[in-house]
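Heads up: the structure comes next, in structure tokens.
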Amino acid sequence: MAIASPIAVLPVAPQELERKIQLRQARIGIIGMGYVGLPLALLFGDEGYEVTGFDIDPNKVEKLSSGGSYIARISESDIQNARARGFSATTDYSRLDEMDAVIICVPTPLGEFHEPDLRYITSTAESIAPHLRAGQLIVLESTTYPGTTEEVLVPILEKKNSAGLRAERPGSDSNGVFHVAFSPEREDPGNTTVARRDIPKVVGGLDDRAGELASALYSTIFHRTVRVSSPAVAEMTKLLENIYRCVNIALVNELKLLCLRMGIDIWEVIEAAKTKPFGFQAFYPGPGLGGHCIPVDPFYLSWKAREFDFQTRFIELAGEINTAMPYHMVSAVSSALNDRKKALQGARVLVLGLAYKKDIDDLRESPSLTIIELLRKAGADVSYHDPYFPFVGRGRKYDLHMKCAPLQNLNQYDCVLIATDHSDYDYQSIVEESQLVVDTRNATRGLDSNKVVYC
Ligand SMILES: NC(=O)c1ccc[n+]([C@@H]2O[C@H](COP(=O)([O-])OP(=O)(O)OC[C@H]3O[C@@H](n4cnc5c(N)ncnc54)[C@H](O)[C@@H]3O)[C@@H](O)[C@H]2O)c1
């Protein structure tokens, strides 16, 4: 009986890896088939690469293997087309042996005390290490504090591989080395104005060669790559971008609170300020920060800064203001009910929108969850509607356990709170049918109704 020979896994010289990249013959493994990793896998697949997705979640792997999708903006036919072109998914890390490049897209959440929780990165590194081979390119994409690639990822990869392989560094011997880079993901979920390929890709290699290889790989799927001098610079670049957003959102949230007191419409102010052709970028107020990035990433830096006896005061202040926003929304509901001689306790409140921003199916860190929890604590009878979530169960912070209410008979609610301004909502009929609408997103702009309270 013929015995199938194992796939020959030989060390790859950097020139050989570059050649394979040019010919789209490099085999690419992407670890973490989530919001970042799965679309990235599809992009590489579109370009003709054979891509393998690795995930510890067997349900995701099973879904992908049967041609299904679990991310709203990725259709089943996207997955099926990718599979026809060679995409597969697995939980089996031993298949990393076959990969020429491995890209890590695992979560980087915060711990209970707002400290970085790097356990997904460390466990991924431990799983990769036994399968490392000379010449492989390892790229970390997960958002994290400057230093993670060099201080956390590389030491585990070096220590836990039994072949004694080392990451190549400037001036190091190039025998028995693998290559390491950091390249942050910059996607903006739900934003259809910029194609993913048009978002420049920042790349910081541990040495020049790693930077060149990672840049060569990404430039086959992104129109522009931006080389920086080290992984730490690339890590910090991503944090600067997110801190910039976080601080500016806090600024506009604070100014909104002032404008409410002064009887000025902050949205009108922003529209006017936006007409300035230079030096101003519009940010918008809302019910609080959400998503896996803006509420989380800045605290990675403030944690790291403490090692240098440094207080990141802007981050702390922005965090304080943004965290207070859901509380403000609940007070606004209470006060709007009070104006109608009703108490929040016992009031029926419908929260419209669970997702942390419009038109996406992601509720991680969503302020709607905090708002629901606070309303419930205050004794309100809370329902929600969101076309993306038929059910909400146990999350990181809350165990809401609720089913999506139908979007009908809105008159039965004492208050409808617009928390997420999904495009599919018909705001005119929502206002017409409701007794009272509290609008946190300016979604009902232009509808002249005394039922609407902006907050
Ligand atoms: N979602 C975004 O819009 C976005 C944007 C920019 C950057 N990022 C960053 O990208 C990273 C990934 O975020 P995401 O939104 O894709 O997260 P996600 O939770 O959607 O996906 C992560 C995936 O990794 C898997 N995973 C966890 N540990 C693993 C392991 N040891 N081995 C294999 N798979 C493992 C999980 O099962 C999950 O499928 C985070 O650092 C995040 O901050 C996310």
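General remarks:
- Look at (1) crowded, with 24+ Cβ neighbours inside 10 Å; (2) within 12 Å of the ligand (Cβ to nearest atom); (3) within 25 Å of residue 188 (Cα to Cα) and you find that residue 128 fails only one, number (3).
- Pairs where the first residue, in the range 186-198, is closer than 14 Å to residue 242 by Cβ and the second is within 13 Å of the ligand (Cβ to nearest atom) and not aromatic (Phe, Trp, Tyr), C-beta under 6 Å, 6+ apart: 186/199; 189/360
- Checking residue 390 against (1) under 28 Å from residue 191 (Cα atoms); (2) touching a residue at least 24 places away in the same chain (Cβ under 8 Å), the condition it does not meet: (2)
- Listed by first and then second residue, the pairs linking a residue in the range 124-140 that is at negative phi to a residue that is within 13 Å of the ligand (Cβ to nearest atom) and in a loop (DSSP other than H, G, I, E, B), with Cβ atoms under 7 Å apart and 6 or more places separating them unless they lie on different chains, are 124/106; 139/183.
- Check on residue 178, in a strand (DSSP E or B) and aromatic (Phe, Trp, Tyr): yes
- Residue within the range 301-314 that is within 16 Å of the ligand (Cβ to nearest atom), touching a Ser or Thr at 6+ places or on another chain (Cβ under 9 Å) and among the β-branched types (Val, Ile, Thr) present: no
- Of everything in the range 140-192 that is more than 16 Å from the ligand (Cβ to nearest atom) and among the acidic types (Asp, Glu), the residue that is farthest from the chain's Cα centre (by Cα) is 173.
- Lone unmet requirement of (1) in contact (Cβ under 8 Å) with a residue 40 or more places away in the chain; (2) buried (at least 18 other Cβ atoms within 10 Å of the Cβ) for residue 266: (1)
- When the range 302-315 is limited to residues that are over 21 Å from the mean Cα position of the chain (by Cα) and part of a helix (DSSP H, G or I), the one that is surrounded by the fewest Cβ atoms within 10 Å (Cβ to Cβ) turns out to be 313.
- Restricting the range 97-125 to residues that are closer than 21 Å to residue 14 by Cβ and in a loop (DSSP other than H, G, I, E, B) leaves a set whose member that is farthest from the ligand (Cβ to nearest atom) is 100.
Read-outs: derived from the displayed coordinates by stated rules, not from any lab. The structure displayed is predicted, hence computed values, not measured ones. Cβ: placed from backbone, ideal geometry, glycine included. Neighbour counts: every protein chain shown.
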